[in-house]
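First up is the structure itself, then whatever we jot down about it.
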Amino acid sequence: MIQASICTIGDEILIGQIIDTNSSHISLALNDSGVRVTKMLSIGDDLDTIVDTLEGELYENDIVIVTGGLGPTKDDITKTALSRLSGASSYKTDERQLQIIHKILSARGLDVLDINLAQASVPDTCEVIPNRLGTAPVMVFRFGEERFGHQATLYSLPGVPFEAIGALGDIIEDIRQHNSLSDIYHRTVMTYGIAESALSKMIEEWEDNLPEDIHLAYLPNPLTGVRLRLSIYGGVKEEEEARIEAETARLKEILGEFIYSDRDDTLERCIGRILTKAGKTVSAAESCTGGTISALLTSVPGSSGYYLGSVTSYANEVKTNVLGVPADIIRNKGAVSSECVAAMAEGVRRLTGSDYSIATSGIAGPDGGSEGKPVGLVWIGVSSPQGTETFNAVFKGDRKRNIERFASTALNYLRIKLVNELN
C-alpha cells in the first residue's frame, strides 16, 4: 500500500500562532484516494532541520506532502531547502505561474515586485503544478530508487489553506497517474451516553473477534460522544464494505440505542434528520447552557425548517415571567431541579408552538455548588404532546467542558425521545 507523510513548515505553527488545518484536509483526500497517511509533522524555520527531516520522511514513505514556507519574504526557506535536498544546480522560471502572478496582483491593484516574480522561479529538479489561486506554485520532486531505496515523490504546497486545499485535486490526480493505489475503507459508528471505558468493556468480546485486518479506533469527543472507526487498508472496496457492514450490524445488536448514527455525524444533524422526516418542530429553554443547544441545532443547514426558537432564561425572573415556571417551584425546589426544567420545557413549547422542546438548568461552575447540588449537576427536561420527561447527570470538568457536556447530553435525551415516539 502507498504510504504518505504530511509535513507543515513554519515557526508560527510550533508556537501556536496558527492552527494547522491543512494536514487534516490533505489526510482526508489521501485516504479517500487509497493512500495511507503514516505521520504528520511540523517543522520549524531552520534550513538544516527541514532538509534532514524531509530526507528521513522520504526514506520511510512513498509520498511526502509539504505545506508552508513558499512566500515571497526572506523567512520563507522551503524552496531553498528543497533545492538542496533534490540536488538542484540552478533555478528556472515557470511561465504559467508567472502569468498567474501578474493576473492576481493586477486584479488586486498591486505593483508586481521582484520578490513576487521570484515565486515563479523554481529549482531545475522539479516539475510544476500551477497554483491558480495564489502566487507560489506547487513543486513536484520525483526521486528514483537509487536515492531512497524506492520511488518517492515530494509535493510542496503553499501554506495558505484555501490555496493548499485548492491544489489537492491536481495533486491527487498526479498521485493516481504515477502510483498503483489500493482501496482504503473506513466506517464510522457514533455513540453517546456511554463512557469510553464502559464502551470498551461492553464490546470487548466483539472487538477481540474482529478479523486481524479490520482495525478499530476509539475517538471520544464531549460534544459528539465516542466515535468508533473501523478501517481496512488494502483489498477490494466492495468486499471491504460488505465485511465491515457485517461487523457494524453485530455492533448495533450489542450497543442498541447508544448508537445514534452509522456515519461520521453529530447529534444535532441526527436530530435534524428525524424532525425533518417526521415534519415536527423543536424549541429550547436554556439556563446553564446559555444558548449552546440552540447554536448547535441551528448550525445544521435547513434547521429553519424545524427549529422555532429559544428562551435563554438565565435569571429566575425570566423563568417565571416568560416561561411561566411557578414561583413556588423555584422557591421550594430550586432552579436546578426536575420540577423546574419540566416547567421550562413545557413553557417554551407552549410559547413557540413547537412539537418538541428541551430545557436545561444546572451548575456549570466553578462556584455555586452545594452538598445536595454539586458543581457539574444538570437537570434536563424534554417535552412533547405525549408527555414531559426529566433526567439529571453530574459531570466533573471545568466550566466550558461542563457546558458542552450539558448541551450534548440534553440533545441525546431529545434524540432518544424522538426515536421512541416518531420511529
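Readers should treat all values here as calculations from the given coordinates under stated rules, not as data from a laboratory. Keep in mind the model is a prediction, meaning the values are calculated, not measured. Glycine also receives a Cβ, built like all others from the backbone with ideal geometry; neighbour counts cover every protein chain displayed.
General remarks:
- Once C-alpha pairs closer than 8 Å and six or more residues apart are averaged by separation and normalised to the residue number of segment 267-422, the relative contact order reads 25 percent.
- Couplings 3J(HN,Hα) of segment 356-361, computed from phi: 10, 8, 9, 9, 9, 8 Hz, in residue order, whole Hz [Karplus 6.51 cos²θ - 1.76 cosθ + 1.60, θ = phi - 60°; x for Gly and Pro].
- Amide H within-cut-off set for residue 159, under 5 Å, with H built and near neighbours excluded: 68, 69, 70
- Summing Lys and Arg as +1 and Asp and Glu as -1 over all other residues whose Cβ lies under 12 Å from the Cβ of residue 227 gives a net charge of -1.
- Length added when fully stretched, residue 252-residue 177, from 0.36 nm per residue minus Cα-Cα: 23.0 nm
- Footprinting exposure proxy for 18, 171, 254 (fewest neighbouring C-beta atoms within 10 Å first): 254, 18, 171
- Estimated FRET transfer efficiency when R0 is 25 angstrom, pair residue 113-residue 48 (beta carbons, to 0.05): 0.30
- 0 to 90° range, to nearest 10: angle between helix 267-278 axis and the chain longest Cα axis: 60
- Dipole check for segment 267-422: with +1 at the C-beta of Lys and Arg, -1 at the C-beta of Asp and Glu, and the Cα centre as origin, the magnitude is about 360 Debye.
- All lysines inside 22 Å of residue 373 as judged from Cα atoms, apart from same-chain residues fewer than 8 positions distant: 319, 333, 396, 400
- Look at 59, 306, 413 and count the other Cβ atoms within 10 Å of each Cβ; fewest to most, that gives 59, 413, 306.
- Amide H contacts of residue 8 (H built 1.01 Å from N, in plane; Pro and chain starts excluded): 41, 42, 43, 67 sit under 5 Å, all sequence-distant by 5 or more or on other chains.
- Residues of segment 120-157 with amide N under 16 Å of the 7 Å Cα→Cβ point at residue 90: 121-126
- The local environment of residue 64, defined by Cβ-Cβ distances under 11 Å, has a net charge of -3 under the rule Lys, Arg +1 and Asp, Glu -1.
- Between segment 201-233 and segment 61-83, the Cα center-to-center distance that results, in Å: 37
- 0 to 90° range, to nearest 10: angle between helix 47-60 axis and the chain longest Cα axis: 80
- Structural descriptor for the chain: relative contact order 11 percent, calculated from alpha carbon pairs under 8 angstrom and at least 6 residues apart.
- Expressed in units of 2.2 N^0.38 Å, where N is the residue count, the Cα radius of gyration of the chain is 1.25.
- GluC sites (Glu not before Pro) restricted to segment 160-229 and DSSP loop, no more than 12 other C-beta within 10 Å: 212
- Sites residue 28 and residue 105 - FRET efficiency at Förster radius 30 Å, r taken between beta-carbons, to 0.05: 0.40
- Coupling constants for segment 21-36 follow from the phi torsions by the Karplus curve (6.51 cos²θ - 1.76 cosθ + 1.60, θ = phi - 60°), and in residue order they are 9, 4, 4, 5, 5, 5, 4, 4, 5, 5, 4, 4, 9, x, 10, 8 Hz; glycine and proline get x.
- Principal-axis tilt of helix 338-352 within the chain, Cα atoms, nearest 10 degrees: 80
- Cα gyration tensor shape for segment 3-178, rounded if a/c is under 1.5, else prolate or oblate: rounded
- Electrostatic tally near residue 5: other residues with Cβ closer than 12 Å to its Cβ, Lys and Arg +1, Asp and Glu -1, net -2.
- In the chain, helices alone account for a calculated mean residue ellipticity at 222 nm of -12500 deg cm²/dmol, with every DSSP H run of four or more residues adding -39,500 (n - 2.57).
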